[in-house]
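A quick write-up on the structure given underneath.
No value in this document is a laboratory result; all are computed from the given coordinates. If you're wondering where the values come from, they're calculated on a predicted model, not measured in any experiment. Please note: Cβ atoms are built from the backbone with ideal geometry, for glycine as well, and neighbour counts cover all protein chains shown.
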Amino acid sequence: MECFYHAGATAVGSCRACLKGLCRSCATELDGGLACADRCESMVRAVVATIQQSARYQGVSAGLLRSARGLWLGLTGVAALVGLFVIVWGLSLPTFREIALLGIPFLALAFLSARLARSVGRPPAPDAVVHESAGRANSA
């Protein structure tokens, strides 16, 4: 790869903002990578700050997912209880036993929310973790 600004000069890397090849005289090394000197430095600093902020909030989002799982489990329990109550109550009536059919949507809601609770907050698959760590190693 050649430097975008100096024809024939070998590039030592690419700018994190504009992805142009940079030679040693054009590159400014920042904490998060290379930037075009006097052109893209502020943009690369902003990108690095965004990435660092995202990494800091990753733990917070995991906590929110665990909370969401608890809410889905709570909804599962309530919907199942209401559905069973309506079915039992409807079947106990001497007339209008069709009311028991109104419990079926609640049981369906309980089933769907149980499936959602099972998928929310689940740790990532091992393959995703391997690919993510390999991506970090390649960018370093």
Could you go through the range 34-49 and let me know if any residue there is in contact with a Cys (Cβ under 9 Å, 6 or more places away or on another chain) and either in a helix (DSSP H, G or I) or exposed (fewer than 12 other Cβ atoms within 10 Å of the Cβ) (or both).
yes
Has the range 50-73 got any residue that is in contact with a strand residue (DSSP E or B) (Cβ under 6 Å, 6 or more places away or on another chain), more than 30 Å from Leu109 (Cβ to Cβ), without any contact (Cβ under 8 Å) to a residue 60 or more places away in the chain and of a type in the set (A, V, I, L, M)?
no
Report every pair of residues separated by at least 6 positions or lying on different chains whose Cβ atoms are under 8 Å apart, first residue within the range 86-107 and acidic (Asp, Glu), second surrounded by 13 or more Cβ atoms within 10 Å (Cβ to Cβ).
Glu98/Gly90
So, in the range 39-81, of the ones that are among the hydroxyl-bearing types (Ser, Thr, Tyr) and more than 18 Å from the chain's Cα centre (by Cα), which residue ends up farthest from Gly21 (Cα to Cα)?
Thr76
